[in-house]
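Chemist: Structure provided below as C-alpha cells; questions to follow.
Readers should treat all values here as calculations from the given coordinates under stated rules, not as data from a laboratory. As the structure is a prediction and not an experimental result, all values here were calculated from the model. Glycine gets a Cβ as well: all are built from the backbone with ideal geometry, and neighbour counts include every protein chain shown.
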Amino acid sequence: MSGHLSARDDMRVWGLHFGLIALLFAAQYVLPDYHNGVIARVMVLALFAMGYNVLFGYTGLLSLGHSMFFAAGLYGAGLPIYHFGVHPLPAFAIGIGCGTALALLVGALALRTTGVAFMIVTLMFAQVAYLMSLWLGEWTRGDEGLTLSRDERIIEIGPMFLDMTNRDTRYVIAWALFSIGLGITLLIARSRFGRVLVAIRENEERARMLGFDTFANKLASVTISGAIAATAGAAYVLLFGYMGSTFASIQYSILPLLWVLLGGAATTLGPFFGTLLMFYLAELSNDALNAWLPDARLNQIGIVGVALILLVLFFPKGLFGSIRERWLKWLP
Amino acid sequence: MAAVTPLLVVDDLHRSFGGLKAVDGVDLTVMPGEVRAIIGPNGAGKSTLVGLICGRIEPTSGSIVFDGRDITSMPAHRRVRQGIAYTFQITSIFPNLTVFDNVALPVQRSQHHAVGAARLRRGVLEALERVGLTDRADQTAGELAYGHQRLLEVAMGLSLKPRLLILDEPTQGLSDGEIEGFIALVREIARDATVMLIEHNMAVVMSLAHRITVLSSGKVLAEGTPEEIRADTHVQAAYLGTPDDD
C-alpha cells in the first residue's frame, strides 16, 4: 500500500517495474519465434487483466462482464477498418472510445447495486453485448469472426511505417502498450485516488463518512478499468488481425478474473505474471495430460476451472499477494 | 455566547421506521464551541438523531440547518465537507490498512488540493500525535487493541478538521484509565471544534458537557446544564435513577 513508503522502498518499487519493462524489451532479441508471439499476446492480455485489477483488486468490485469492454475495443476498432476502410490509428481511438463510453454507461447503471447483484448485472449486460455480436452477424460474422488483411494493419504516417503483421513490430507495440498500462496502474495504486478506492473496498460506509463521494469514485474506477480493457481489445484486433464473438463471451470475463487471482489481486505486477503463468500452465498441462491420457479429450476450459478451484482453496492471495504478505511488504 | 449564531439548528425533526417513531419532533440548537451531550435510555433515538444530522439517515420531515445553511437533503459525504464529522458507535476503521493510511484518508480529504506527500505525512503524524498513536503508524489497524482502535477512530474524525465532531458512544468498552485520557482528549478537541457526544457513562457526561439534551422515546425530555439536568426530577424518573447512581 502507498503513502508511507521510505525513499528506499520508493526506489525499489520503481526499480522493479522499470526492471520488468526493460527485461521484456530485451526478451524479444532472445526469445525463439513461437515464444516471442506468446509473450506479445500475453502482454496485450495482461493489459486487459491490469484493467480488470483496477476494479476488482483495488476497488473490490467483482465484475463478470469485462468481456464486453474488451469486445467493445475489439469491434470498435476492427469493424470500422473492415467495413469502412478507416485508418488503423483513428480506429484504435474509436475502439478505446467505445469501450470507455460503454463502461461509463454500464457503471452508472450497475453501481446502483452492490455485491452479488453487481456481479449479476454486469454479467447480464455482457450477455446482451455477446448476443448483439451474434445478432449483428451480418457485420461481425459472429463466432466465425473476421480477419483483417495485411494492408488493413499497416500504419504509415510520414517516415513512420508500422506493419503489425511483422513479428518484431507487433512485439514492440504490445510491449509499449503494456508498459503504459503498468505505469498507469502503478500511479493509480500509489495515488490518493487509489487510496480512496482501497478505502471503498475495505469499508465503504466509513469512506463515505470521511467525505468521499463513493459513487463517483467507483464510477471513475469502472470507467478507467473498462477503458484499459478496451485498449487491450483494440490493440488485439490490430496486432493479431482477428475479431470474433468468443471475445465477447463469458469466458473472456472469467479469464481476467482468473489471471488477476493467480497473480495476486491489488498488486501491480500480479496481472502480468498471472496471465503469463496461466498461459504456459494451460499449455503444458494440456500437452502432458493429452500425452498421458490420449483418449480423455481434455480441453483447456477444464484446466482453467481446476486451476481456479485450487487457487481459491490454497492460494487465495495469489502469487504477488503472498510475496507481499510474507517478504516484500513494500510491493504496491 | 449570546450574539453568536448557532452552529446547528434542528427543527421539528421526525424519522420513523415503519410504525416506530425513532425521532419524533426534535428541536435542538447547538452553539459554536459547545460540548453537547445527548443522553437517554436505550432506544430513545440518540443514534438515529445523530444519524440524521450527519446524513446517514434521511428524515421523514423537519429541517437541519448547519452554519446558516439548510443541509436537510444534502448527501452525507458533502456534509462532511461542510464540517460535520462522525465517529461510529461500533468502531469503524479500515482494519486491513495501516494506522497511517487510515488517517491519511481523512487528511487528504481535508487538504483540499493535491499538496505534496510531505504535507500529507505531516498532517497524519500530527493527528496521531494528538491521540498518542504516533509510534503505531505502521501497524495494521485491525491488530490494534480495542482502546487504540477507538482512539484511531477519533483521530480520523479529527483529521477532517471538523467544526462539529459527533462522537457516538466513544467510551464504550474502554477501561477507566483509557476513559480518563479520553476526557482530556475531548477537552482539548473542544478548544477548536464543537462536540456532540452520545454517552452512557454519566461521569464522562457530567465532566465534559456544557449542556445536556435528554431524549426519551424520540422526544426531547429535558435540556440544560449538567446541574439543571441532575436536579430535574423528570429526568431522574426516566433515566438517571437516584442522584448517586452512576
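Chemist: Whole Å is fine, so just give me how far the alpha carbon centre of the range A:7-66 lies from that of the range A:222-272.
Modeler: Rounded to whole Å, the Cα centres lie 12 Å apart.
Chemist: Counting only Cα atoms, I'd like the Rg/Rh figure for the range A:97-161, Kirkwood definition for Rh. Write down the numbers at each step before the final one.
Modeler: Values: Rg = 17.4 Å, Rh = 14.8 Å.
My calculation puts Rg/Rh at 1.18.
Chemist: log10 I(q)/I(0), Debye, Cα-only the range B:1-49, no solvent, q = 0.18, 0.30 Å⁻¹?
Modeler: Debye intensities relative to I(0), on a log10 scale: -0.65, -1.17.
Chemist: Return P(r) of the protein assembly as shown (all Cα-Cα pairs; 10 Å bins starting at 0; whole %; ordered from short to long distances).
Modeler: Binned Cα distances yield the sequence 3, 15, 22, 20, 15, 12, 8, 4, 1, 0.
Chemist: Okay, next question. Give me, ordered by chain and number, the residues 5 or more places off B:MET196 or on other chains with an amide H under 5 Å from its own placed amide H.
Modeler: B:ARG36, B:LEU165, B:ILE166, B:LEU167
Chemist: State the antiparallel share, in %, of DSSP beta bridges confined to the protein assembly as shown, rounding to the nearest 5. Write down the numbers at each step before the final one.
Modeler: Numbers: 27 of 44 bridges.
Here the share of antiparallel DSSP bridges comes out near 60 percent.
Chemist: Let me ask something else. Decide, for the range B:169-212, between rounded, prolate and oblate: order the square roots of the alpha carbon gyration tensor eigenvalues as a ≥ b ≥ c, take rounded if a/c falls under 1.5, and otherwise choose prolate if a/b is larger than b/c, else oblate. Write out the running numbers ahead of the final one.
Modeler: On the way: a/c = 1.88, a/b = 1.32, b/c = 1.42.
Oblate is the answer for the range B:169-212, as a/c is 1.5 or above yet b/c matches or exceeds a/b.
Chemist: Where does chain B land at 222 nm, in deg cm²/dmol rounded to the nearest 500, when only DSSP H runs of n ≥ 4 count, each adding -39500 (n - 2.57), divided by all residues?
Modeler: Working: 8 runs with 84 residues, N = 246.
One gets -10000 deg cm²/dmol as the mean residue ellipticity at 222 nm.
Chemist: How about B:LYS161: which aspartates and glutamates have a C-alpha closer than 13 Å to its C-alpha, ignoring those fewer than 8 places off in the same chain?
Modeler: Correct list for B:LYS161: B:GLU126, B:ASP192.
Chemist: For B:LYS46, give me every one of the lysines with a C-alpha distance below 23 angstrom, ignoring sequence neighbours fewer than eight places off in its own chain.
Modeler: The reachable lysines, counting only those whose Cα sits under 23 Å from B:LYS46, are B:LYS21, B:LYS219.
Chemist: Something else now. Neighbour counts of other C-beta atoms within 10 Å: give me A:ASP9, B:ASP135 arranged from fewest to most. The partial results should precede the final answer.
Modeler: Working: A:ASP9 15, B:ASP135 9.
Arranged by neighbour count, lowest to highest, A:ASP9, B:ASP135 become B:ASP135, A:ASP9.
Chemist: A further question follows. Can you show me the helix-derived [θ] at 222 nm for chain A, built from DSSP H runs with n ≥ 4 at -39,500 (n - 2.57) apiece and divided by the number of residues, rounded to the nearest 500. Could you put the intermediate results ahead of the total?
Modeler: Values: 14 runs with 240 residues, N = 332.
Rounded to the nearest 500, the figure is -24500 deg cm²/dmol.
Chemist: Which is the longest part of chain A that has none of the trypsin sites (Lys or Arg not before Pro) sitting in a DSSP loop with at most 15 other Cβ atoms within 10 Å?
Modeler: The reported range is A:151-296.
Chemist: When the scattering of the range B:117-246 is computed by the Debye formula from its Cα atoms alone, each counted once and equally, what is log10 I(q)/I(0) at q = 0.11, 0.16, 0.19, 0.21 Å⁻¹?
Modeler: -0.46, -0.86, -1.10, -1.26
Chemist: Would you compute, for the Cα atoms of the range A:7-249, the largest minus smallest coordinate along each principal axis and list the three values in descending order, in whole Å?
Modeler: 56, 51, 32 Å, listed from the longest principal axis down.
Chemist: While we're looking at this one, here's another question. Taking square-rooted eigenvalues a ≥ b ≥ c of the alpha carbon gyration tensor, is the range A:205-322 rounded, prolate or oblate, where a/c under 1.5 means rounded and, failing that, a/b exceeding b/c means prolate? Spell out each step's value before the answer.
Modeler: Working: a/c = 2.68, a/b = 1.57, b/c = 1.70.
It comes out oblate by the Cα gyration axes.
Chemist: Semi-axes of the equivalent ellipsoid of chain B: what are they in whole Å, largest first, if each equals the square root of 5 times a C-alpha gyration tensor eigenvalue? Don't skip to the end; give the middle numbers.
Modeler: Numbers: eigenvalues 179, 92, 54 Å².
Result for chain B: semi-axes of 30, 21, 16 Å.
Chemist: Could you put A:MET68, A:MET164, B:MET74, B:MET156 in order, starting from the residue whose Cβ has the fewest other Cβ atoms within 10 Å?
Modeler: On the way: A:MET68 31, A:MET164 22, B:MET74 16, B:MET156 28.
Lowest to highest Cβ neighbour count: B:MET74, A:MET164, B:MET156, A:MET68.
Chemist: Please identify, among A:SER285, A:SER67, A:SER191, the residue showing maximal mean-square fluctuation in a Gaussian network model of chain A using a 10 angstrom Cα cutoff.
Modeler: Comparing A:SER285, A:SER67, A:SER191 in a Gaussian network model of chain A, the most mobile one is A:SER285.
Chemist: On average, how many beta carbons from a partner chain sit within 10 Å of the beta carbon of a residue in B:100-108? Let's see the in-between values first.
Modeler: Details: counts 3, 8, 5, 1, 7, 12, 7, 3, 7.
Mean shielding by partner chains, rounded to a whole number: 6.
Chemist: Calculate, for A:ALA108 and A:ASP287, the FRET efficiency according to 1/(1 + (r/R0)^6) with r their C-beta to C-beta distance and R0 45 Å; round to the nearest 0.05.
Modeler: Details: r = 45 Å, r/R0 = 1.00.
In this case the efficiency is close to 0.50.
Chemist: Can you compute 3J(HN,Hα) from phi for each residue in the range A:113-119, using the Karplus curve 6.51 cos²θ - 1.76 cosθ + 1.60 with θ = phi - 60°, rounded to whole Hz and x for Gly and Pro?
Modeler: 10, 9, x, 4, 4, 4, 4
Chemist: Taking neighbour counts of Cβ atoms within 10 Å as a proxy for exposure, in what order, fewest first, do B:VAL103, B:VAL131, A:VAL30 appear? Can you show the working numbers first?
Modeler: Details: B:VAL103 30, B:VAL131 22, A:VAL30 8.
Neighbour counts put them in this order, fewest first: A:VAL30, B:VAL131, B:VAL103.
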